[in-house]
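A short write-up of the structure that comes next.
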Amino acid sequence: MNASTKALTFTGFLILTRIMPGIVDGQTPTSSSLSDAVQKQLIGTWKITAFEDRKDEHDPNSEWTYPYGKNPKGYLVYDNTGHVMIQIMKTPPGPPFASGDDEKPTAEEMKRAFTGYVAYFGTYTVDAAKSVVIHHVEGSLKPSFIGTDQPRPFVLAGDRLIIGDGKTWRRVFERVK
């Protein structure tokens, strides 16, 4: 066994002992225990670093677009009670409302504010076998989201979380420390 193989074997052992300790103990992990372990890895606050959609969602080779700007601002929070909340804002943000009163925007100002912001909350569950986190939406800026389940394919690599199919859409987050 060469040094590279030993390093990979040791790394694999560390991953298994940290995420699925039952395997090392000779127990067969259940889908539920795997999902619980992955859910624990998701717990925390995540800062968005990219919000990207393909220009043509039917063409995985079309260029990426940035509906919330190239440097969106916002956070995704998974807590240990199974709750999720997300807020993302377009950058740069629009100017303050001309009236000077946040309660009195013009129709165009209201539309810009609405389309430049994502916000919802609810609970979440993890299907580790499918690498999907499901957001069970209880409240949302978008009325059509309320009461729905929003499956989110994901890849978790240390302190980096990528949500999306990676082909037509992706949201990239970094763990806040």
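The values are calculated or read from the model by the stated rules, or taken from the named source; none is laboratory data. Treat the numbers as computed from the prediction; the structure is a model and nothing was measured. Positions of Cβ are backbone-derived with ideal geometry, glycine not excepted, and every protein chain shown enters the neighbour counts.
I'd like to know if region 101-116 contains one or more residues that are part of a strand (DSSP E or B), modelled with pLDDT of 95 or more and under 25 Å from the mean Cα position of the chain (by Cα).
First, pick out the residues of region 101-116 that are part of a strand (DSSP E or B): none.
No, region 101-116 has no match at all.
What single numbered condition from (1) over 13 Å from the mean Cα position of the chain (by Cα); (2) loosely packed, with under 15 Cβ neighbours inside 10 Å fails to hold for Arg160?
All conditions pass for Arg160, except number (1).
If only one of Ile146, Ile134 is β-branched (Val, Ile, Thr) and under 12 Å from the mean Cα position of the chain (by Cα), which one is it?
Working: Ile146 fails: under 12 Å from the mean Cα position of the chain (by Cα).
From the options Ile146, Ile134, the qualifying one is Ile134.
Which residues, taken from region 100-126, are in contact (Cβ under 8 Å) with a residue 40 or more places away in the chain and buried (at least 17 other Cβ atoms within 10 Å of the Cβ)?
The initial filter retains those residues of region 100-126 that are in contact (Cβ under 8 Å) with a residue 40 or more places away in the chain, namely 116, 118, 123-126.
Correct list: Gly116, Val118, Tyr124, Val126.
Being part of a loop (DSSP other than H, G, I, E, B) and in contact with a Gly (Cβ under 7 Å, 6 or more places away or on another chain) is the filter; apply it to region 69-99 and report the residue that is surrounded by the most Cβ atoms within 10 Å (Cβ to Cβ).
Start the filter on region 69-99 by keeping residues that are part of a loop (DSSP other than H, G, I, E, B), which leaves 69-72, 79-82, 90-99.
Next, from what is left, pick out any that are in contact with a Gly (Cβ under 7 Å, 6 or more places away or on another chain): 90-94.
Numbers: Lys90: 21, Thr91: 15, Pro92: 10, Pro93: 13, Gly94: 14.
Taking the candidates together, the pick is Lys90.
Look through region 33-50, keep the residues that are of a type in the set (A, V, I, L, M, F, W, C) and assigned to a strand (DSSP E or B), and return whichever of them is farthest from Arg170 (Cα to Cα).
Our first condition is that a residue be of a type in the set (A, V, I, L, M, F, W, C); within region 33-50, this holds for 34, 37-38, 42-43, 46, 48, 50.
Adding the requirement that they be assigned to a strand (DSSP E or B) leaves 46, 48, 50.
Working: Trp46: 15, Ile48: 11, Ala50: 8 Å.
Taking the candidates together, the pick is Trp46.
Quick one: how many residues across region 51-67 are modelled with pLDDT of 90 or more, in contact with a Ser or Thr (Cβ under 7 Å, 6 or more places away or on another chain) and not in a strand (DSSP E or B)?
Summing the residues that are modelled with pLDDT of 90 or more, in contact with a Ser or Thr (Cβ under 7 Å, 6 or more places away or on another chain) and not in a strand (DSSP E or B) in region 51-67 gives 2.
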